[in-house]
Structure formats: C-alpha cells, structure tokens
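Report on the structure given below.
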Amino acid sequence: MIINFKGVKTYIGTGGKSLDINKMTLCFLHGSGQNHLSFIQQARFFAYKGYSVIVPDMPAHGFSDGNPCKSIKENAEWINDLLVDLKLKEVVVIGHSQGCLVALELNRILKRSLEALIFVAGSNEIPVNQFLLDLSKENSQKASQMMVTWGHGIDGDMSINKWPGHSHYGEGNNIMCMNKPTALRYDLHSCNDYSDGIDAAKIIKVPALAVLAKNDQMTPLKSGLKFVELIKNCETHILDCGHFLPSERPIELNSIINSFLSKLK
Amino acid sequence: MSENYKFDTLSLHAGHIPDKETGSRAVPIYQTTSYVFNSTEEAASLYNMEVGGHLYTRISNPTVAALEQRLAALEGGASALACSSGMAAMHLVVSAICSSGDHIVASSKMYGANINLLQHTMPRFGVKTDFVNPNDPDAIKRAIKPNTKLVFGEVIGNPGLDIMDVPEIAKICNSKNIPLVLDATFNTPYLMQPFKYGANIIVHSLTKWLGGHGIAMGGAVVNGGNFDWGDKDKFPTISGPHFALGGISFWEEFGPSALIAKIRAEGMYNFGPSLSPTNAFHLMQGIETLPLRMKKHIENTHSILDFLVNHEMVEWVKHPDLDTHPDHEVAKRILPKGSGSIIAFGIKGGREAGKAFIESVQLASHLANVGDAKTLLIHPGSTTHSHLSSEAMKEGGLTDDMIRLSVGLEDINDIKKDFERGFKAVKKLNK
C-alpha cells in the first residue's frame, strides 16, 4: 500500500493482504540498500498465515520517495513514528542486517513495548570497510554489485534458488538499483557509525530470536554469536548460507520464525 | 564463497550443485508431473506464491529450473523461464504484456514465424504491430504510439542477418518507458549479452545453438529485471491487480522478477507450454559446451566466408563480419567475438542453381533448423519463409537464390570439399 507519511509518498508491502491493526503485526525492516523485496518470501507467507504484515520501504528506497535517513537513530525514529501513525497494537519487529540495528534502536526509544524482536543475519555492530564506503559515494551501482556478490553464499555463485528460475545476483542487483542512488551511501554510513548496539542489546526484555548465517561475510557469524550473548534468553539458530538469508533459506527461516511466533500466542 | 564465476564455469555449473542425498554430479532428470505436499499448509503456500517451490510440472520442475537458473546466470538476468519452444517464449512475453487494443513495434527483418505471430495471429486478439526497419532508429521512434507496449526485434535477423543496433534502440525504448524485447537466439549469451546494452527481455529458441545438437526443442524468456513496470495504466497486467492470487500486483510483490512471476502464474498456468524435464536435461548438456562450440562455430564460419567470397560460382555472400555487410560497423561494436554462424549466399544461376547445390551436397544436411553442431542448409524462399508475400520477402532482405547456411563444427576442409561437390553440380546445370 502507498500512504502519505510525513508528506512523503511511502510504500509499505503488506504481503498481498489488507492491513488489519487488530491482528498481531509483523514489521519487517530491510537492510542496507535493500527494500521490501528482500522479504519476498516472508511477506506473503506470514500475511497468509493470519498475521498483519508491514514491510516499509524506508525513505528513498524501493517505491518510497523522500531523502534517506542519515543514521540508525533517524531510521528508528522514522519507524517509531510510522508504527504510531498506523495505530498498530501488537508489533513484532523483524530486522535483516541493518534492519537489526534499527530494531535494536527502535526498542530503545519506543514508548511502549514490542511483542518480540527477531534478528536475521544481525549483530550489535556492522562496521563497513572504507573501500565500500567510498565506492558507495562514487558509484552506488558498483557498490551494490559488490555487496550482492559478497553477501550471498554458494547459492548466489551457482545460481541456486528455491524460487524456480530466479537468480540471486540478477535479482539482488536490480532490487538495489530500484533505490535512489544516495540511499546505499547513507545506509552504509549509518551502519558504520552506529555504536550503541551493546547497550541496546542488553536492555532487551521482550522475547528475542536470532537467525544467523554460517557463511555470512557481512555480519560474520562470530560477531552474531557475540551479539546474541548480550541478549537475555535469545533463541538462536544458525543456517548454512550467506548474509542474504531471507532469500537463500526462505523455507527454513519462515519455519523458525513461525515456530517462535506460535510460542508468543 | 563469493567467487563470481566466469561464463565458461557458469555454463557447466550454474543452476545445480550435487545434492547431499545422492551426490549426483549431473543434474537429475525429475521426470515427474507433480510433487507431494508435506501438509495442506505447504500446498497453500505454493498455490498462493508465498514461497518458491514446485507444485505441478506445467508451472515449474526442478530439472527445468536448473536450466532456467543457468540461463539467468549466463545472460546476467534477474530470472528466467523455460518453455516448449522459442515461439512459445515469444507468445508468452507478448500475451503477458499486451491486451486487446495494445500496439507493438517490431523489426520487419525477422524469422517468418515471429512475423506471422505478430502480423496475423495477434491482430485477431486486438494486438496490432507496425513493422519497421530495425536499422532505422528514427523509424522505430516514429512508430511508437501511446498504446505501444513493447518493441521487438532480433539481435541478428533471421535469415537476412541484419544487426539491430541494440544500444541505440534501447535508448529510445528507455526514453519512452517501453521494454525492449530481443530474440537473441542467433547470438547466444556467449557472443553478446543484450542486458549489458540496455535490453529488458530476451527470448531464446534453445533448440538452436544453446542446445546445439538438434535433439531437443525448447525456448526461454530471460528477464533483465531492469524495467520499471510501475505505470499501472500502461502495464496493468504486470502492475495492476491479477485476476487470481488475491489480486496480486506482480510488480509490487516481485519487483525485478515481476514479468517471470506473471508468466508463470498466467501463461504457464493457462496456456501450458511447458518444457519436458528430459529436454531440459538435453539442453543443459548442450549449454555445458556452449563456449567451446561457439568458438569453433565462429572459426569455421570465418573460414567458410573466405572460401565463399573467393569462389567463382558464388554471386554474393552476406555475413555481418564481412566489411561489405551494411551493419558491419554495428556488428563490430556489439558482437566483437563474431556475428554468429549463419551465412546467407547466392549461387550464380539463381533459384535452380541453389536447388541443384542443396541437392548435391552430402555432408551438409538440408533441413529446417539452425545452430546444430552439424552443418545445415536450406532455401528459405521455398521453406521457412515461403508463406510470406513477395513484398514481405523483399522487406526481409530475402531473394529467390538465397541459401541459408548454418556452419557446423566439422573439419573445415571436409565442409569445403562437400561444397565443391555442390558447385560442380551447379556448373553442370549452367552449361
């Protein structure tokens, strides 16, 4: 659906179902340079399982207009305002990569409690190397290609996909090309500059789930495991794939999330 | 891993890694029509397009999917869909994008069946086409109307061998927000990858060079993922609500792969031109050696060109790699590895001479196919393009005496010797 949020055209994927604010809402937060399409195989799946689903395209991403947020805090505030604007009641936030940092920060600034937090291929920090930061400023398309190649596991290299006929690389590059050229640069800087992750992780009181990737080269497994140690009683799973876990292992990820959500009811 | 494998490696490996259960190195042939669902919930997920997977082979199949993913990787596309033939692929694209009242701009120099589909079949369903010279970008620009939904052409025209200036035409299409659809059968991704030049959709007859051995029919649509279908008024079939699946908007929910999702949900579901898993396996075997074959095809083609150009019995020779070809400069720019292995030539003595030549050669086969590992010949005027009017023949650059040669991989001296046999018969006739 498209809404006018803060005077800006904002797209929110709802998984093909109308948003019902009386149901538990799953709010998916995309990663750097991504948009709602990074959750193609989660949005419809959970919408058809009886949840309300929102997958907002952050400003300047996907089908949303506006200027990109310039920090993780700004992203979190934007999401916080959106949740208030949509009058959502019970909300579970599911972040992927940068979306995990936004979820951490959102939990910190929220005036009310979330139902649960789910971290996919996440950590409390996502340092970005200087070469990629520079490249994202000079040539966002090249930087996107580098991230898509680097971010996928062997399934990306070998064009293996659970969705018949789809290419991780080809699809991934084009998803990133849908964003405004400046979006990636600000996303990567936001990740690199974020340093409140440890404190934000320690104050989590709601049920938490982390699904990490064994061959993650963007938020390495080692970093993800340190992160989950900071969270009290964080249910943790490790899947054999790369950083783009939602498209590389959709069935397994959906099953883990579904099982976790069923315990909340 | 992030190896970013190169073309030759992808030709062999893309789309398949040995499964842990059997360790099968080759892609298994999943000769099955259907797939057991683990639960009603899983079945519903597949029907609703919530997650990827297989529910019925008319829609998708694991062996066919391996082929599709190999093609997507080789072309650098977002997604691909394999079907029963190149013509099925062409129809799937046209019917996915166009509805009654829509318009297409197409090259006038194309394969007869492509012309027939657009000139005679689609108008019965309210979709009209204007045919224009593919080498005249201004003519293409002028032909585009407010209801034009796609521009279609062949990278290397069949059989006239005109080369479409893809970057120029892509610029025009891009400025008008119209997808450029190209038949890339004659070039294959080894010689040229059209998405790099701005094309949006590719159709292939896999039966030809990609399969390469004349044993299996197949076609494919490869989606660049680089076209914005967001204009709901212009592209309602892709971005507007679909009649099923809860009124899904393919563009909103699948973005770069919207076209393939649409074709799978409607074209494959409602028309059913599915590719058999066994054919998919055969076609993949062919693709494994595509780089090696194409290299040899081009080497042999250049050698035969030299032979024909200097032969006393040959009236004319047409191939884009010859500097006498009107599109030679375009070919050099977009097809630097070579412009394919089809040669058109005329023999002194006209139609009868051509007939005598074709009937006298022994090694080269007289048949209606191209892109086989074996050398093939045909007289288009009396076969593949026989249903076209003389005006349409002329517009397509065809002449009565024209022979279409598909250069194979035999020892080049054996091909030349075989042709000398044909020329000898012509000489006798001309006496």
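The values are calculated or read from the model by the stated rules, or taken from the named source; none is laboratory data. Because the structure is predicted, anything quoted here is derived from the model rather than measured. All Cβ positions, glycine included, derive from the backbone under ideal geometry; neighbour counts span all protein chains shown. To get the accessible areas, we keep the full protein, side chains included, count just its heavy atoms, and leave off ligands, DNA and RNA. Shrake-Rupley method; radii C 1.70, N 1.55, O 1.52, S 1.80 Å.
Every residue, every condition in (1) of a type in the set (Lys, Arg); (2) in a loop (DSSP other than H, G, I, E, B); (3) within 14 Å of chain B (Cβ to nearest Cβ), yes or no:
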site	(1), (2), (3)
A:LYS73	yes, no, no
A:TRP78	no, no, no
A:GLU125	no, yes, no
A:SER144	no, no, yes
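Residue under question is B:LEU210, and the condition is that it be closer than 18 Å to B:GLY338 by Cα, out of contact with any Asp or Glu (no Cβ under 8 Å at 6 or more places or on another chain) and assigned by TED's automatic domain parsing to the domain that holds B:LEU92; does it hold? So B:LEU210 passes the test.
Each row is one residue, and each column tells you yes or no for (1) within 14 Å of chain A (Cβ to nearest Cβ); (2) on the phi > 0 side of the Ramachandran plot; (3) buried (at least 19 other Cβ atoms within 10 Å of the Cβ); (4) at pLDDT 95 or above.
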position: B:SER239; (1), (2), (3), (4): yes, no, yes, yes
position: B:TRP251; (1), (2), (3), (4): yes, no, yes, yes
position: B:ALA258; (1), (2), (3), (4): yes, no, yes, yes
position: B:GLY272; (1), (2), (3), (4): no, yes, no, yes
position: B:THR289; (1), (2), (3), (4): no, no, no, yes
position: B:GLU299; (1), (2), (3), (4): no, no, no, yes
position: B:SER303; (1), (2), (3), (4): no, no, no, yes
position: B:GLU312; (1), (2), (3), (4): no, no, no, yes
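Somewhere in region B:345-364, is a residue under 19 Å from B:THR185 (Cβ atoms) and either more than 14 Å from chain A (Cβ to nearest Cβ) or over 20 Å from the mean Cα position of the chain (by Cα) (or both)? No; the residues of region B:345-364 include none that is under 19 Å from B:THR185 (Cβ atoms) and either more than 14 Å from chain A (Cβ to nearest Cβ) or over 20 Å from the mean Cα position of the chain (by Cα) (or both). Just one of the listed residues (B:LEU363, B:LEU398) is under 16 Å from B:ALA425 (Cβ atoms), of a type outside the set (Gly, Ala, Ser) and open to solvent by less than 80 Å² (accessible area, probe 1.4 Å), namely B:LEU363. For region A:238-245, the count of residues that are more than 14 Å from chain B (Cβ to nearest Cβ), touching a residue at least 24 places away in the same chain (Cβ under 8 Å), open to solvent by 20 Å² or more (accessible area, probe 1.4 Å) and closer than 19 Å to A:LEU106 by Cβ is zero. Here is a check on your reading of the model: is A:ASP187 open to solvent by less than 10 Å² (accessible area, probe 1.4 Å) and of a type in the set (D, E, K, R)? Judged against the criteria, A:ASP187 is a match. Residue count for region B:366-390, restricted to those that are modelled with pLDDT of 85 or more and open to solvent by 50 Å² or more (accessible area, probe 1.4 Å): 4.
Take the conditions (1) touching a Phe, Trp or Tyr at 6+ places or on another chain (Cβ under 7 Å); (2) within 11 Å of chain A (Cβ to nearest Cβ); (3) hydrophobic (A, V, I, L, M, F, W, C); B:LEU10 misses just one of them, which is (1). Filter region A:1-31 down to the residues that are under 17 Å from A:LYS180 (Cβ atoms) and in contact with a Gly (Cβ under 7 Å, 6 or more places away or on another chain) and list them by number. Answer for region A:1-31, where residues must be under 17 Å from A:LYS180 (Cβ atoms) and in contact with a Gly (Cβ under 7 Å, 6 or more places away or on another chain): A:VAL8, A:TYR11, A:HIS30, A:GLY31. Listed by first and then second residue, the pairs with beta-carbon distance under 8 Å, at least 6 apart or on different chains, first residue in region B:23-45 and under 30 Å from A:PHE46 (Cα atoms) and within 14 Å of chain A (Cβ to nearest Cβ), second part of a loop (DSSP other than H, G, I, E, B) and acidic (Asp, Glu), are B:ALA44/B:GLU50. The residues of region A:152-163 that are touching a Gly at 6+ places or on another chain (Cβ under 6 Å) and not hydrophobic (A, V, I, L, M, F, W, C), listed by number, are A:HIS152, A:GLY153, A:SER159, A:LYS162. Among residues belonging to region A:20-41 that are of a type in the set (S, T, N, Q) and closer than 21 Å to A:LYS89 by Cα, point out the one that is nearest to the other protein chains (Cβ to nearest Cβ). It comes out as A:THR25. Candidates in region B:75-108 are the residues that are assigned to a loop (DSSP other than H, G, I, E, B), away from chain A (no Cβ under 14 Å) and in contact with a Leu (Cβ under 9 Å, 6 or more places away or on another chain); of these, the one that is surrounded by the fewest Cβ atoms within 10 Å (Cβ to Cβ) is B:SER85.
When region A:151-171 is filtered for residues that are at the interface with chain B (Cβ under 7 Å from one of its Cβ atoms), under 15 Å from A:GLN41 (Cβ atoms) and open to solvent by 10 Å² or more (accessible area, probe 1.4 Å), the ones remaining, listed by number, are A:ILE160, A:ASN161, A:LYS162, A:TRP163, A:GLU171.
Which ones in region B:89-109 are touching a helix residue (DSSP H, G or I) at 6+ places or on another chain (Cβ under 8 Å), closer than 18 Å to B:THR237 by Cβ and of a type in the set (A, V, I, L, M)? Listed by number, the residues that qualify are B:MET90, B:LEU92, B:VAL93, B:VAL94, B:ALA96, B:ILE97, B:ILE104.
Tell me, please, whether a residue that is buried (at least 24 other Cβ atoms within 10 Å of the Cβ), closer than 26 Å to A:PHE5 by Cα and out of contact with any helix residue (DSSP H, G or I) (no Cβ under 8 Å at 6 or more places or on another chain) can be found in region A:118-141. Checking region A:118-141: not a single residue is buried (at least 24 other Cβ atoms within 10 Å of the Cβ), closer than 26 Å to A:PHE5 by Cα and out of contact with any helix residue (DSSP H, G or I) (no Cβ under 8 Å at 6 or more places or on another chain). Any chance region B:265-288 includes a residue that's within 24 Å of A:GLY62 (Cα to Cα) and of a type outside the set (S, T, N, Q)? Checked against the condition, which is being within 24 Å of A:GLY62 (Cα to Cα) and of a type outside the set (S, T, N, Q), region B:265-288 yields at least one hit.
Within region B:218-233, the residues that satisfy the criterion of being surrounded by 19 or more Cβ atoms within 10 Å (Cβ to Cβ) and either touching a strand residue (DSSP E or B) at 6+ places or on another chain (Cβ under 9 Å) or of a type in the set (D, E, K, R) (or both) are B:GLY218, B:GLY219, B:ALA220, B:VAL221, B:VAL222, B:ASN223, B:GLY224, B:GLY225, B:PHE227.
Conditions (1) closer than 20 Å to B:ALA113 by Cβ; (2) within 19 Å of the chain's Cα centre (by Cα); (3) surrounded by 22 or more Cβ atoms within 10 Å (Cβ to Cβ); (4) among the charged types (D, E, K, R), marked per residue:
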{"site": "B:ASP138", "(1), (2), (3), (4)": "no, no, no, yes"}
{"site": "B:ASN147", "(1), (2), (3), (4)": "no, no, no, no"}
{"site": "B:LEU161", "(1), (2), (3), (4)": "yes, yes, yes, no"}
{"site": "B:GLU168", "(1), (2), (3), (4)": "no, no, no, yes"}
{"site": "B:SER175", "(1), (2), (3), (4)": "no, no, no, no"}
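Scanning region B:46-58 for residues that are among the hydrophobic types (A, V, I, L, M, F, W, C) and facing chain A (nearest Cβ under 8 Å) turns up B:MET49, B:VAL51. Yes or no: B:ARG25 open to solvent by 30 Å² or more (accessible area, probe 1.4 Å) and farther than 27 Å from B:LEU292 by Cβ? No. Taking B:VAL361, is it closer than 30 Å to B:ASN135 by Cβ, touching an Asp or Glu at 6+ places or on another chain (Cβ under 8 Å) and either hydroxyl-bearing (Ser, Thr, Tyr) or not assigned by TED's automatic domain parsing to the domain that holds B:GLY218 (or both)? So B:VAL361 fails the test.
Say we look at region A:172-183 and pick out the residues that are open to solvent by less than 20 Å² (accessible area, probe 1.4 Å) and in a helix (DSSP H, G or I); which of these is farthest from the other protein chains (Cβ to nearest Cβ)? Among those residues, the one meeting the criterion is A:ALA183.
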